Amino acid sequence: MTIKEKIEFLREELSQHNYNYYVLDNATISDYEFDIKLKELEKLEEENPEFFDANSPTKRVGGGITKNFETVTHKNRMYSLDNSYSKEDLLDWEKRVQKNLGTTEIEYTCELKYDGASINLTYENGKFVSAVTRGDGFQGDDVSTNIRTIRSIPLSMKGDFLSDFEMRGEIILPLEGFHKMNEERISNGEEAYRNPRNTASGSLKLQDSAEVAKRPLDCLLYQVVTNERKYKTHFENLKEARRIGFKIPETIALAKSIEEVLEFVNKWDEKRHDLPYETDGVVIKVNALQQQEELGYTSKAPRWAIAYKFKAEQVTTVLNEITYQVGRTGAITPVANLEPVHLAGTTVKRASLHNADQIEKLDIRIGDTVYIEKGGEIIPKIIKVDLTKRAGNSQETIYATNCPECNSELVRTEGDAKHYCPNEFGCAPQITGRIQHFISRKAMDIDGLGGETVDLLRKEGLIKNYADLYELKEEVIIPLERMAEKSAKNMIEGIKKSKEIPFEKVLFALGIRFVGETVAKKLAKHFKSIDNLMSADLETLISVDEIGERIAQSILDFSNDPINIELIKRLKSYGVQLEVSKESLENQTDKLSGKVFVVSGVFHQMSRNELKKAIEDNGGKVSSSISKKTNFVIAGDNMGPSKLTKAQDLEIAIISEEDFIALIK
Ligand code: AMP
Ligand code: ZN
């Protein structure tokens with residue numbers, strides 16, 4: 001076998017395993033063996049770059065960065081769907097279809113309406129070419145790099161189908177994966193995602209495809225778009241598409257009449273809670289492609305299809321108690337504790353009441369019978385109180401005046417919907433929350449220490465703030481519940497390693513209110529050290545690009561607090577990076593001062609992030625879109641055609657990666 005054949009053989013073999021595992025849910029090889037083969041292919045590809053293929057199974061792990069998603073015009077418009085909510089609506093639709101076609105001989109396909117983000121996949125000569133979001137239906141964003149990481153999407157066809165076609169489907173986040181992601185976020189001290197749909201659609205726009213690859217996304221397909229008339233019906237299109245590798249849910253069915261459609265609707269209205277993903281309705285389509293063509297489109301939707309929306313389930317239950325939760329920043333959230341009740345496939349015991357205004361608006365009282373509903377969100381909502389069931393002696397709810405954790409008097413500032421506990425350094429959930437934030441991935445990224453352990457260490461009195469982490473010793477950790485020598489060692493090791501984390505991340509980790517990742521970066525770059533930052537006055541702070549009064553005031557509050565001053569002193573003494581390192585200072589010049597760059601395409605010597613950093617380190621500015629203000633466009637391979645035209649029209653200098661490196665040398 002030649003190297004080329006070997007590479008092709010492995011690619012095909014691995015694609016087949018991906019298909020078995022992610023589409024058929026039937027693995028025929030262990031994860032371990034799969035990894036060995038993948039590594040082998042990776043190595044061969046690395047050694048033989050002339051056989052590069054963007055569709056290789058090795059590209060599934062991601063790595064490509066997209067700073068700006070290219071806007072692309074859809075070859076075929078992506079329409080919306082008309083909605084219906086009742087049997088009558090469906091019968092009306094059937095009448096319209098029959099009248100338009102002049103026949104009652106009509107067959108329908110019934111599909112579930114998958115609740116995610118729609119996507120259009122283009123294939124040419126049996127190979128995946130690009131993936132574009134729906135956008136406004138006419139134009140969407142090219143998210144191909146991210147979509148390649150979704151294992152259930154075939155990158156090349158298994159067998160004969162159409163030559164050029166588009167597949168439309170829904171990118172979804174199955175419930176199990178969604179819950180796992182949230183468990184991890186919570187244990188990292190991060191806020192849980194609210195619902196699978198938004199998380200799926202947010203994932204498509206992540207800049208780092210390696211991050212997308214880590215998310216358990218899936219893609220369910222529902223439409224073949226093509227000019228070829230190889231197959232006569234929509235159902236056949238889907239069946240054939242399934243045969244060559246696409247994930248078409250087995251739930252699809254044919255119906256001979258609206259009565260049969262309604263049977264499908266009723267069946268799934270009940271059974272939908274057993275599905276591994278969310279669905280909010282059924283989509284009914286005229287099956288014959290010839291008839292679809294005759295029916296055509298209105299200005300916004302096909303006449304040959306209609307969506308039937310399931311009703312959000314509502315039940316009533318009794319409010320037993322209102323409790324109050326304290327977040328990392330001290331924000332208070334009131335929680336309704338309910339008499340447990342079955343709703344939409346789960347037992348509901350709690351619902352969020354958001355804030356004092358919400359309680360007042362609902363006029364909700366202990367003992368009230370309330371209506372709860374589960375919409376798109378995981379946490380159910382309280383819709384209203386059933387006043388007819390209210391007891392005569394019921395008492396108006398008085399909002400908590402003191403913190404449930406530390407008893408401090410709560411404060412509420414003008415214009416803020418939430419109450420806060422001001423006891424920043426003495427209130428347990430705030431202490432735990434702040435340390436959890438400190439160790440989280442985007443901050444100090446401490447391995448070997450999770451959110452629950454932080455809480456345990458605090459309860460045991462071993463840590464009261466993040467500086468205490470650096471004084472932990474193995475011997476005090478080992479005796480703790482669920483700890484062993486190995487885990488204690490890992491923890492201490494992880495904490496020690498965090499001393500290498502660069503200043504900008506440390507600054508973010510400190511948890512200064514309103515100082516998020518981006519602001520921390522800006523401040524680190526401008527002030528270069530914590531001492532410079534903490535001694536800056538209001539005027540100096542506000543003079544920094546993009547730092548407003550609110551952020552500046554928050555930094556001042558932090559800097560003037562003796563407790564924080566002491567904490568910083570301690571962090572310094574442990575060797576945590578509290579200034580920009582020498583090396584990164586050395587690489588900084590103002591060679592590119594005043595120059596605005598746009599970076600587009602794929603690069604070889606530097607990653608896009610490295611390029612961007614080099615521009616900024618040398619005093620230049622990176623912009624996301626080409627305008628008259630742009631001085632240079634750094635063009636890599638596959639630069640977007642619309643960007644290229646725009647740069648040429650505006651007569652902006654287009655330079656290569658090599659030109660740029662020469663520029664800063
Ligand atoms: P809407 O967003 O309410 O206009 O509904 C249209 C959207 O439903 C489409 O853009 C698709 O993303 C989505 N959808 C989900 N499942 C299906 C399906 N089986 N057939 C067609 N569209 C679907
Ligand atoms: Zn408190």
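The values are calculated or read from the model by the stated rules, or taken from the named source; none is laboratory data. Here the structure is a predicted model, which means the values were calculated and not measured. Quick reminder, even Gly has a Cβ in these numbers, built from the backbone with ideal geometry, and neighbours come from all protein chains shown. Calculation scope for accessible area: heavy atoms of the full protein, side chains included, ligands and nucleic acids excluded. Shrake-Rupley method; radii C 1.70, N 1.55, O 1.52, S 1.80 Å.
A few points about this structure:
- Here the stretch 281-354 has 48 percent of its accessible surface on carbon and sulfur atoms, given a 1.4 Å probe and all protein chains in place.
- Summing charges over all other residues whose Cβ lies under 14 Å from the Cβ of Asp649, with Lys and Arg as +1 and Asp and Glu as -1, gives +2.
- Candidate aspartates and glutamates - alpha carbon under 16 Å from Lys486, same-chain residues fewer than 8 apart omitted: Asp447, Glu474, Glu475
- For the residue pairs Lys521/Lys582; Lys43/Lys612; Lys4/Lys39, alpha carbon separations beyond 19 Å are given by Lys43/Lys612.
- Listed pairs Lys418/Lys489; Lys67/Lys628; Lys239/Lys271; Lys37/Lys499; Lys528/Lys628 exceeding 29 Å between Cα atoms: Lys418/Lys489; Lys37/Lys499; Lys528/Lys628
- Accessible solvent surface per residue of the stretch 288-413, calculated while the other protein chains remain in place, 1.4 angstrom probe, Å²: 53 Å²
- Charged side chains reduced to their Cβ positions (Lys and Arg at +1, Asp and Glu at -1) give the chain a dipole of some 540 debye around its Cα centre.
- Solvent exposure of the stretch 148-218 amounts to 43 Å² per residue of accessible area, where only protein heavy atoms count and the probe is 1.4 Å.
- Accessible-area composition of the stretch 168-263, carbon plus sulfur, in percent [1.4 Å probe]: 49 percent
- Note on the chain: dipole from Cβ charges, positive end direction compared against Gln16, Phe235, Thr145; the farthest Cα belongs to Phe235.
- Taking 4.7 Å between C-beta atoms as the pairing limit, the chain has these partnerless cysteines: Cys110, Cys219.
- Relative packing of peptides 222-228, 129-135 - highest average C-beta neighbours within 10 Å first: 129-135, 222-228
- Straightening the chain between Asn55 and Ile542 buys 170.5 nm, computed as 0.36 nm per residue apart minus the Cα-Cα spacing.
- Fraction of accessible area attributable to carbon and sulfur, the stretch 1-159 (%, probe 1.4 Å): 47 percent
- Set of aspartates and glutamates with alpha-carbon distance to Lys374 below 13 Å, sequence-local pairs under 8 removed: Glu278, Asp280, Glu313
- Accessible solvent surface per residue of the stretch 417-460, calculated while the other protein chains remain in place, 1.4 angstrom probe, Å²: 39 Å²
- Placing dummy labels 7 Å off each Cα toward the beta-carbon, the span from Arg77 to Asp35 is 5.0 nm.
- Burial ranking of peptide ranges 521-527, 481-487 (average Cβ count within 10 Å, highest at the top): 521-527, 481-487
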